[in-house]
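Presented below is the structure to which this report refers.
Every number here is computed from the coordinates shown, using simple stated rules; none is lab data. Quick caveat: nothing in here was measured; it's all calculated off a predicted structure. When we count neighbours, we look across all protein chains shown, and the Cβ atoms used for this are built from the backbone with ideal geometry, even at glycine.
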Amino acid sequence: MADQDKGGTGLPGLSGLPGLLGAALRDGVVDDAAERRAVAAFRAARDSGTRSGKTRSQDDWRPRGGSGP
């Protein structure tokens, strides 16, 4: 079978996908200082206690009505 999956994707014809995705993720230089600033900003926002904890209705994909977990 010429279109057989050899890359472990589970999808025929995408044998090179893991390598392509890995290369895309590793492409370029990582700015360590920028990464530290981004993590610090995330932690500060998370720990500030100002978030409501409510999900926006357009982000809630659960079915309307019924009982949920």
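If each of W61 and A23 carries a label point 7 Å out from its Cα toward its Cβ, how far apart are those two points in nm?
The answer from the label model is 3.0 nm.
Taking 0.36 nm per residue of separation and subtracting the Cα-Cα distance, what length does fully extending K54 through E35 add?
Length difference between fully extended and current span is 4.1 nm.
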